[in-house]
Amino acid sequence: MKHSLSKAGIILLFAFMLIYPKAVFNGASEGLLLWFQIILPTLFPFIMITNLLLYTDSIHYISRLFGRLLSGIFKVSKNGSFAVIAGFLCGYPMGAKVAGDLIKGEYITEDEGKYLLSFCNNTSPVFIMNFIIWKTLDREELLIPSILILLGTPMLLSLIFRRFYLKGKKCFQNQRRETRNERKWNFQVVDDCIMDGFETITKVGGYIILFSVILSLFQSFSLKPLLLQIMLPSLEVTNGIAIIGKSGIDFGLMYPAIIGLTSFGGFCAAAQTQCMIQKTNISIFPYIIEKLVTAAVASLIAFLYLYII
């Protein structure tokens, strides 16, 4: 039944693409520009440097610097602290990629990888500042509150999520690998990191273009049910925020909606996350549920900030 629905959806999408070629062109163009102008220059350098840290087994230096502090706060292992840093500072889907790479490299367990995914795959502070506060809302007084809400909410909920993954343990511990495949520093290592980075960033771009096309197709429909209009922004976070920002709804509803969508990341970010963890045994569905819970709490906090604080 599931496969039949998937096939039917693909055929339907193909039919709509033939009927609305202009919408497909516009969506693909917007997605490509978003990837080329924003995602590629901001994300690719971080992908490459994290690859170098992992390929050369240099993350233990990060673990020494921040491991004890982050382990005490989030109960992660010292190696897991690297995913926390990347997930909160680099933006989607770096938290998922680093967690997946740490699992594959046997630096952390799969249970810790699931826990890391639950709270440290987030929107970057740079995106919050540039796109949400300055470009979309144009309300600089909301800069600090927005960053605190969007980064603080997953930290707060980690207190709850960790109970499902620690399984009675006080803290996750580093994995001890019998052989550590340390690579000597040479340009072959750099070449491998660059190629892996290009593969990752190309996959991210492909999902952005795909979801931008789907969003453009839905927007081209003359008749859109209310439920469809509500769900459209959740497809892709950047375009979704722009749609909400131009919707003309009351700011008291607009701001919590944008905060909630940013916290969730959209279904495009969920697809990118699935791509990053597909070589592990981690299921994407608990991640989606945890992100929806985080989005609901962040949206509620944003609403209370406007009307109470």
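FYI, it's all coordinate maths here, none of it is from the lab. Owing to the predicted nature of the structure, the values given are computational and were not obtained by experimental measurement. No Cβ is skipped: glycine too gets one built from the backbone with ideal geometry, and neighbour counts run over all protein chains shown.
Numerical summary
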{"quantity": "Pairwise label distance in nanometres, L166 with I289, each label 7 Å out on the Cα-Cβ vector", "calculated": "2.0"}
{"quantity": "Protection-proxy order for peptides 261-274, 9-22, each taking the mean of Cβ atoms within 10 Å per residue, highest first", "calculated": "261-274, 9-22"}
{"quantity": "Kirkwood-based shape ratio for region 1-55, expressed as Rg/Rh from alpha carbons", "calculated": "1.25"}
{"quantity": "Out-of-range pairs (alpha-carbon distance over 27 Å; input K78/K279; K203/K246; K22/K203)", "calculated": "K203/K246"}
{"quantity": "Helical segments meeting 27 Å axial Cα length and Kyte-Doolittle -0.5 threshold in the chain (DSSP H)", "calculated": "143-166, 187-220, 284-307"}
{"quantity": "For the chain, the Rg and Dmax computed from alpha carbons only, in angstrom", "calculated": "20.0, 62"}
{"quantity": "Computed E for F14/L65 - FRET, C-beta separation, R0 45 angstrom, nearest 0.05", "calculated": "0.35"}
{"quantity": "Most to least packed among 283-290, 237-244 [average Cβ atoms within 10 Å]", "calculated": "237-244, 283-290"}
{"quantity": "Cα gyration tensor category, rounded, prolate or oblate, for region 149-261 with a/c compared to 1.5", "calculated": "oblate"}
{"quantity": "Fully extended contour minus Cα-Cα distance, from R139 to F25, at 0.36 nm per residue", "calculated": "37.7 nm"}
{"quantity": "Helical mean residue ellipticity (222 nm; -39500 (n - 2.57) per DSSP H run of 4+; nearest 500) of the chain", "calculated": "-23000 deg cm²/dmol"}
{"quantity": "Rounded, prolate or oblate (a/c below 1.5 giving rounded, otherwise prolate when a/b exceeds b/c) for region 28-165 by Cα gyration tensor", "calculated": "oblate"}
{"quantity": "Spacing of the two label points (7 Å from each Cα toward its C-beta) at L223 and A296, in nm", "calculated": "3.2"}
{"quantity": "Highest average packing first - 103-113, 198-208, Cβ atoms within 10 Å", "calculated": "103-113, 198-208"}
{"quantity": "Gyration tensor verdict on region 91-172 (Cα atoms; rounded if a/c is under 1.5, prolate if a/b is larger than b/c, oblate otherwise)", "calculated": "oblate"}
